[in-house]
Amino acid sequence: MARTRAARPTWVPIVGQLRSYRRDWLRADVIAGVTVAALIVPKNLGYAGIAGVPLQNGLYAAAAGAILYAIFGTSRQISMGPSSGLAAVAASAVLAAGITGEQDVASFVAGITLGSGILFLLLAVFRMGWISQFLSRAVVTGFLFGAAIDVVIGELPKLTGTETTGANPIQELWSWFGTLRDVHGTTVLVGVISLVVVFGLRVIAPRVPGALVLVVGGLLASALLDLGAKGVAVVGDVPRGLPALEVPDLQQLWDHAGTVALAAVALVMIGFSQTAGDARTFAAKHRYQIDINQESVAQSMANIGSGLFQGMPVSTSLSASSLNDRSGAKTGVASLTSGVTVLLTLLVLAPLFSDLPKAVLAALIIEAVVSGMMDVPEMRRLFRVKKADFWIAITALLGTVVFGVLAGVIIGIALSLIWLVAVATHPEMPTLGRERGTQVFREVDAHPGDEVLPDVAVVRFDAGLFFATADALQDRVREVIQANPQLAGIVLDCGGINFVDSQGAAGMADVVSLARDAGVQLRLTRLKPGPRAVLEREGVIQLIGADHIHGNIHRAVAAERNEAGRGRDGSR
């Protein structure tokens, strides 16, 4: 397959795609765009329900996200729109701010969407996309799982036709159990059938758009059986028409500036990590290049546009993007087609959704968060591969459930930073032994049968040498010296040291002095040019002696034993 030539970087990548557009791509792009629209329209009704905004606002966001990402994004298969995770963050921000009233909620959600778009733009201008990496995958997995539990508990009353109270999901769940004697039978029946349909299709026919089937079936049942007259709650008026440009209530945003800022940061950190990863995946598959910085611009424009057109936060939808790819999408024209199809739906079909039973919408929401946010296989993988990561995920999950989604974001960021600091300040410094009959040195813990020299200790330093690790190196050298009274020399393998700062260089000088005071020779091996230059400027190389710097461990050990042997013969 011929490698696609990378287009010259531009702030409007769609221009480059259109310049090289081939006529035979149009059919595939249009089919993919319409197919994706059929998937995202019913799903975005559910996402709007999670966020607590009018259903049409979910479609406004879907259209804005798809069209603006197509114009400014560099991935040709990405489908941008609302997601269950972002909707849960928006809902939590509304709850934290104590905002009620449909229009006030809609304005507030649009405001935090606009705020996240501005923050994305700042990340692009200052090239700070790396900041999204401060949320580890384990934290995001646990956070999303907890947020999904929160959403599911919040939807249970719609399945039973009851009302609940509570300041957190646990209290809401307890309140819901107390209402079970007052359930509305018909509503329960509709809810149970809806859950069976949407989850059943996922199992027996995963390629069938279960959300679309459920919405169409719910609307038909509502019309044919007159469910509204039987006491089943319906979503209410969904007006026909396109969104109008409207600036969110700035005073309301100012009054809740702290919540807005926290929500915007959460949306950016979650949204960017999803989009960047998906964009790289599709680019690698189809052999073209993406611009991660431009992806920040695209997310910025999509969220700013969604916020100004009364929408909600948008990001990558992996399911929609995968469908876009499977359906043959070649360029951003497919995403443009999806956006236009959503707009046509708003113009023609929007009022049909007015009779959709809330129980059906609740089932749609529950399926979306269970399948999109409760990543059980990933939790199992974390438990199998690294139990510490698993417990970090569990902590983020519990923090989200007990204290709320926004608090869960704070807990998640704190956990990520604590874990980062813990790893940075406690680098691996294993003792190495020599494989018998060879010149190979390996970790003793992994190869207990290897030869450990009685008079020369070999230690590998697996980290950068900087302010956070300098003390740890001194402590390790001191430990090695104290553990072996017969020690004549220490060989420090520096192959893992990629950089050294001023404090790290001073720390290495202290290590040299520590070893010398104990009567132990220190030798360095595999020291890279960059770190060596810093140590030379600090005077460490002169202090330790250039003849004590070696190319590999074997030479360092041989030199130390030869020198120790000459000293024992009296020639030293």
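The values are calculated or read from the model by the stated rules, or taken from the named source; none is laboratory data. Because the structure is predicted, anything quoted here is derived from the model rather than measured. All Cβ positions, glycine included, derive from the backbone under ideal geometry; neighbour counts span all protein chains shown.
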Are there any pairs, at least 6 apart or on different chains, whose C-beta atoms fall under 7 Å, with the first in the range 345-362 and among the polar types (S, T, N, Q) and the second part of a helix (DSSP H, G or I), and if so, which?
Thr345/Val41; Thr345/Leu59
Select from the range 409-439 the residues that are free of Cβ contacts under 8 Å to residues at least 40 places away in the same chain and part of a loop (DSSP other than H, G, I, E, B) and write down the one among them that is surrounded by the most Cβ atoms within 10 Å (Cβ to Cβ).
Pro430
Within the range 401-444, take every residue that is within 20 Å of the chain's Cα centre (by Cα) and not aliphatic (A, V, I, L, M) and give me the one that is nearest to Gly551 (Cα to Cα).
Trp419
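Results for (1) aliphatic (A, V, I, L, M); (2) buried (at least 16 other Cβ atoms within 10 Å of the Cβ); (3) outside the structural domain of His554 (by TED's automatic domain parsing), shown as yes or no for each residue.
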position: Asp462; (1), (2), (3): no, no, no
position: Ala483; (1), (2), (3): yes, no, no
position: Gln486; (1), (2), (3): no, no, no
position: Leu492; (1), (2), (3): yes, yes, no
position: Ser502; (1), (2), (3): no, no, no
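Select the strands (runs of 3 or more DSSP E) contained entirely in the range 455-572, then report the ones holding at least 1 residues which are in contact with an Asp or Glu (Cβ under 7 Å, 6 or more places away or on another chain) and more than 20 Å from Pro430 (Cβ to Cβ).
521-525
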For Asp501, indicate whether it is farther than 17 Å from Leu527 by Cβ, touching a residue at least 24 places away in the same chain (Cβ under 8 Å) and in contact with a helix residue (DSSP H, G or I) (Cβ under 8 Å, 6 or more places away or on another chain).
no
Cross-chain or 6+ apart pairs with Cβ under 9 Å, the range 446-470 first and without any contact (Cβ under 8 Å) to a residue 60 or more places away in the chain and farther than 25 Å from Val534 by Cα, then loosely packed, with under 15 Cβ neighbours inside 10 Å and charged (D, E, K, R):
His447/Glu435; Gly449/Glu435; Gly449/Arg436; Asp450/Glu435; Asp450/Arg436; Asp450/Glu443; Glu451/Glu435; Glu451/Arg436
Which residue, of Thr113, Thr187, Thr141, Thr162, is assigned by TED's automatic domain parsing to the domain that holds Ala359 and free of Cβ contacts under 8 Å to residues at least 24 places away in the same chain?
Thr162
Being surrounded by fewer than 24 Cβ atoms within 10 Å (Cβ to Cβ), at pLDDT below 90 and farther than 29 Å from Phe309 by Cα: is that true of Thr164 here?
yes
Please enumerate the residues belonging to the range 200-252 that are over 25 Å from Val370 (Cα atoms), surrounded by 12 or more Cβ atoms within 10 Å (Cβ to Cβ), of a type in the set (A, V, I, L, M) and in contact with a Phe, Trp or Tyr (Cβ under 7 Å, 6 or more places away or on another chain).
Val238
